[in-house]
Amino acid sequence: MSRTIVVLNGPNLNLLGVREPQVYGAETLADVEARCRRAAGAAGFDIDFRQSNHEGDLIDVIHQLRESAGFVVNLGAYTHTSIALRDALATVTGPIVEVHISNVHAREDFRHLSYVAPIAAGVIAGCGTLGYEFAIAVIADRLGAE
């Protein structure tokens, strides 16, 4: 079995630390990647960390890595709009955990719908970038960490 957890980030997450820091915090995407690598390493897993602003590129990554140990996904706005990403994630063989840095349920109504949540092992929202670590812990727990 693969010991790699894929962390997949969608549109605008490349601007973490710059874009709306009052909502998303001051950490950059590089900071989030370092946080994920530490958490995964402590649980005996590797990380394949990706970000794209393009829906088709995200789908291609899912197809290429679908047999990884698990997926942590923060698809940004695509969470609320992309059936195509949901369908690609439905092919993943390991657990999926959806992450949102902000509490999407305390924001605009259109952010309350997730196409991913019904196929996810869990959804973490409003915990800041710590949510990524929680998601890795959930996947490691489900798979049995070393």
Looking at the range 1-20, which of its residues are assigned to a helix (DSSP H, G or I) and either in contact with a strand residue (DSSP E or B) (Cβ under 7 Å, 6 or more places away or on another chain) or modelled with pLDDT of 95 or more (or both)?
LEU13, ASN14
Take the conditions under 21 Å from GLU55 (Cα atoms), touching a Leu at 6+ places or on another chain (Cβ under 8 Å) and touching a residue at least 40 places away in the same chain (Cβ under 8 Å) and apply them to VAL116. Does it pass?
yes
Hey, among the residues in the range 21-74 that are outside any strand (DSSP E or B) and aromatic (Phe, Trp, Tyr), which one's modelled with the lowest pLDDT?
TYR24
Sole exception among (1) touching a residue at least 60 places away in the same chain (Cβ under 8 Å); (2) closer than 17 Å to VAL99 by Cβ for SER2, by number
(2)
How many residues does the range 90-129 hold that are assigned to a helix (DSSP H, G or I), surrounded by fewer than 16 Cβ atoms within 10 Å (Cβ to Cβ) and touching a Lys or Arg at 6+ places or on another chain (Cβ under 9 Å)?
3
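The values are calculated or read from the model by the stated rules, or taken from the named source; none is laboratory data. Computed from a prediction, not measured in an experiment: that's the story for all the values here. Note that we place each Cβ from the backbone using ideal geometry, even for glycine, and neighbour counts take in every protein chain shown.
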